[in-house]
Amino acid sequence: MGVCVCGWETVEENYRAFFLGSESRAATFTAPKVMPIAAAGQVSMSLGLRGPVFGVASACSSANHSIGIASRKILLANSMLPLHSQPEG
């Protein structure tokens, strides 16, 4: 799954709470909410898919990169049917 940027709302909320508010640390689920692979993992779990989960986070070119990686996985027989997705417009 190709991801450009994820979790900015969470980053902003934690910034405000930590630097502008009275919180002494980031919220518990900050890291899982902002990591790019989380979207690919969630799709995989929701659809009951098995096998490796791989997320591409290369900004505007992530769609092209994830298509290339999916096609290479087929050519190298690492995956029979990779699921490719570009969640951002």
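The values are calculated or read from the model by the stated rules, or taken from the named source; none is laboratory data. These numbers were taken from a predicted model, which means no experiment stands behind them. Heads up, the Cβs are rebuilt from the backbone with ideal geometry, glycines too, and the neighbour counts pull from every protein chain shown.
Brief remarks follow.
- Within region 11-53, tally of residues that are of a type outside the set (A, V, I, L, M) and either assigned to a helix (DSSP H, G or I) or surrounded by 16 or more Cβ atoms within 10 Å (Cβ to Cβ) (or both): 15
- Tabulated pairs, region 24-53, first more than 13 Å from T10 (Cα to Cα), second among the basic types (K, R), C-beta under 9 angstrom, 6+ apart or interchain: S44/R50; P52/K73
- When region 54-79 is limited to residues that are in a helix (DSSP H, G or I) and closer than 21 Å to W8 by Cβ, the one that is modelled with the highest pLDDT turns out to be H65.
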